[in-house]
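One structure below.
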Amino acid sequence: SFDVLVVGGGPAGASAAIYAARKGIRTGVAAERFGGQVMDTMAIENFISVPHTEGPKMAAALEEHVKEYEVDIMNLQRAVKLVPATQPGGEHEVQLESGASLKSKTLILATGARWREMNVPGEADYRNKGVAYCPHCDGPLFKGKRVAVIGGGNSGVEAAIDLAGIVGRVTLIEFMDEMRADAVLQKKLKSLPNVDIILGARTTEVNGDGTRVNGLTFEERASGEIKRLDLEGIFVQIGLIPNTEWLRGSLVEMSERGEIITDAHGTTSVPGIFAAGDVTTVPYKQIIIAMGEGSKAALGAFDHLIRS
Ligand code: FAD
């Protein structure tokens, strides 16, 4: 059994494991896929002090750094159930898909999130080749170019406003006949000279030349007419889904969107259970933020251990 068991091996989990192990306590990491979303990323240019790197390279560096310490890494292990301790000071249990079960005095939940995809032809083929999900990450790659933002919720409209300051032209495409974003954001968006808004449109295909995106096909829902936009980039902003399905019914309190609610110390609603990174309510999902949150959760867990 562990003092600290980290579930998830992305930037948050790796950082938590290192901070915990550096306290000389028994630390384990169980992860479905070490590296997390970073494995799906091409260029990373906003990890401060590293002007440019690539996802798989950073993921390998994360693992290498964790391996500098005595951390029990259990890769390719999917957690399916959490059974919190029944009494104060008791051990929490994490059940794995393999049938095994792990016990620990404290837990750090760092199972991350995944972007909701449009699931249209071309989307997967052109991922990182014009199809993007993170405006903070990839916006500058489209400087002066034409891009579409899919989704008129808060994140879509924020992305469109953000991108309008960087790219040449932004077309926001919303499925419904109106945008769901806050009125103040919609007003700001409509005031921008290089933004077009298309409502009631269903994206049907991502077009490309075999190497990169060169257009987007959509159906005007009212008329059924099929139209095409020529462009270089598509930002999909239809939701970030936290990987918390496995926590349902576990007493760990979650927001309406299924994100684990944490406080400034990474504490969840269950004593001894901490959480960090994209899986939590922390705003702005980024690598550098996930790492900071992971280290905070580990220090929070250590603090909890020395007090109990
Ligand atoms: P994740 O990276 O999602 O890691 C979650 C971990 O938990 C993984 O190891 C996963 O396998 C594991 N896991 C999930 N469910 C379970 C389970 N049930 N049991 C066990 N393990 C589980 N951010 C930037 O700062 N800069 C960028 O340039 C950038 N580009 C991006 C490009 C793309 C295409 C994507 C998808 C994201 C990008 N991001 C970028 C965002 C960044 O990757 C995330 O904010 C960051 O990875 C979050 O770290 P995390 O550790 O919280 O979660």
Using alpha-carbon coordinates alone, the radius of gyration and Dmax of the stretch 97-170 in Å work out to 17.7, 53
Quotient of C-alpha Rg and 2.2 N^0.38 Å, computed over the stretch 12-59
1.33
Residue-averaged 222 nm ellipticity for the chain, from DSSP H runs of 4+ at -39500 (n - 2.57), nearest 500
-6500 deg cm²/dmol
Cα-centred dipole magnitude for the chain, charges only on beta-carbon of K, R (+1) and D, E (-1), debye, nearest 20
280
Charge dipole (the chain, unit charges on Cβ, about Cα centre) - positive-most of Ile261, Gly36, Thr211
Ile261
Determine the relative contact order of the stretch 34-154: mean sequence separation of Cα pairs under 8 Å and six or more apart, normalised by residue count, in whole percent.
16
Could you grab the relative contact order for the chain? Cα pairs under 8 Å, six or more apart, rounded to a whole percent.
21
In square nanometres, what is the average projected area of the Cα convex hull of the chain?
16.9
Once the other residues with Cβ under 15 Å from the Cβ of His136 are scored (Lys, Arg +1; Asp, Glu -1), what is the net sum?
-3
Using only alpha-carbon positions, what ratio does the radius of gyration of the stretch 135-185 give when scaled by 2.2 N^0.38 Å?
1.09
Mean-position separation - Cα centroids, the stretch 189-253 and the stretch 1-20, in angstrom:
34
Projecting each Cα onto the charge dipole of the chain (Lys/Arg +1, Asp/Glu -1 at the beta carbon, about the Cα centre), which of Gln95, Leu305, Ala110 comes out farthest on the positive side?
Leu305
Once the other residues with Cβ under 12 Å from the Cβ of Gly89 are scored (Lys, Arg +1; Asp, Glu -1), what is the net sum?
+1
Using alpha carbons only, how many angstrom separate the centre of the stretch 77-142 from the centre of the stretch 28-73?
14
Beta carbons within 10 angstrom, averaged per residue: use that to sort the peptides 128-141, 151-164, 206-219, highest first.
151-164, 128-141, 206-219
Give me the one-decimal nm value for the distance between modelled label points at Lys143 and Arg212, 7 Å along each residue's Cα-to-Cβ direction.
1.4
Along each principal axis, Cα extent of the stretch 155-257, largest first, Å:
48, 35, 31
Which shape class, rounded, prolate or oblate, goes with the stretch 252-308 when its Cα gyration tensor gives a ≥ b ≥ c as root eigenvalues, a/c under 1.5 marks rounded, and past that a/b bigger than b/c marks prolate?
oblate
For Thr204, Thr280, Thr268, what's the fewest-to-most ordering of other Cβ within 10 Å of each Cβ?
Thr204, Thr268, Thr280
How far is helix 11-21 tilted, in degrees, relative to the longest principal axis of the Cα atoms in the chain, given as a value from 0 to 90 rounded to the nearest 10?
20
Taking all pairs of distinct alpha-carbon atoms in the stretch 17-121, Kirkwood radius in angstrom
15.9
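Read the figures in this text as sums done on the coordinates, not as results from a lab. What you see is a predicted model; the values in this text were computed from it and never measured. Ideal geometry is used to build each Cβ from the backbone, glycine not excepted, and the neighbour counts take in all protein chains shown.
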